[in-house]
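Working notes for the structure below.
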Amino acid sequence: LQKILILLQVTLSVVVGKTLMILFPDAMKRYILKMGEKSRMNQNPKFSYENWGPTFFSFKYLLFVLKVKWKRLEDEAYEGHPAPNTPVVTLDGEVRHLLDFMADNRPLILNFGSCT
């Protein structure tokens with residue numbers, strides 16, 4: 001049921017966004033550029049709006065957003081339920097899954113931090 005609701009929400013968003021891009025291209029360009037500022041995408045000199053802006057509200061965009069949102073459903077943790085087997089990246093850049101680090105009956109301890 002959650003996946004169907006997400007499908008409806010994202011599809012409606014893409015249809016409305018695409019319609020607005022057709023009817024009001026300049027206003028939507030400003031809106032998309034403002035969204036690019038939030039993600040710092042437009043700070044990369046190799047990325048111009050013409051490279052990534054028109055991809056917003058496309059069919060590929062719809063599929064990507066659905067994939068991400070549906071994947072996040074699997075990553076939710078609930079008290080008293082098994083932990084999600086979330087993908088993680090090792091310091092060597094290898095993609096593994098969280099539960100790959102379990103060993104025998106030892107508890108798995110996660111330590112989050114950063115080094116700058």
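The values are calculated or read from the model by the stated rules, or taken from the named source; none is laboratory data. Please read all numbers here as calculations on a predicted model, not as lab measurements. The protein model used for the area step is the full one, side chains on, heavy atoms only, and it has no ligands, DNA or RNA in it. Shrake-Rupley method; radii C 1.70, N 1.55, O 1.52, S 1.80 Å.
Side notes on the structure shown:
- Carbon and sulfur %, accessible surface of the range 1-75 computed with the full protein complex present, 1.4 Å: 65
- Most fluctuating residue given options N44, N85, N105, as computed from a GNM of the chain linking Cα atoms under 10 Å: N105
- Counting only protein heavy atoms and using a 1.4 Å probe, the accessible area of I22 comes to about 120 Å².
- Using a probe of 1.4 Å on the protein chains alone, the accessible area found for T11 is around 50 Å².
- Sequence-separation-based contact order of the chain, relative, with Cα cut under 8 Å and 6+ spacing, percent: 19
- Shown for the range 1-75: lysine pairs separated by 8 or more places, or found on different chains, whose C-alpha atoms are under 15 Å apart, numbering 7.
- For the chain: accessible area per residue (Å², 1.4 Å): 85
- Gaussian network model of the chain, Cα within-10 Å springs - most flexible of F24, F101, F56: F101
- Structure-derived volume of the Cα convex hull per residue in Å³ - corresponding label in (1) 174; (2) 92; (3) 150: (1)
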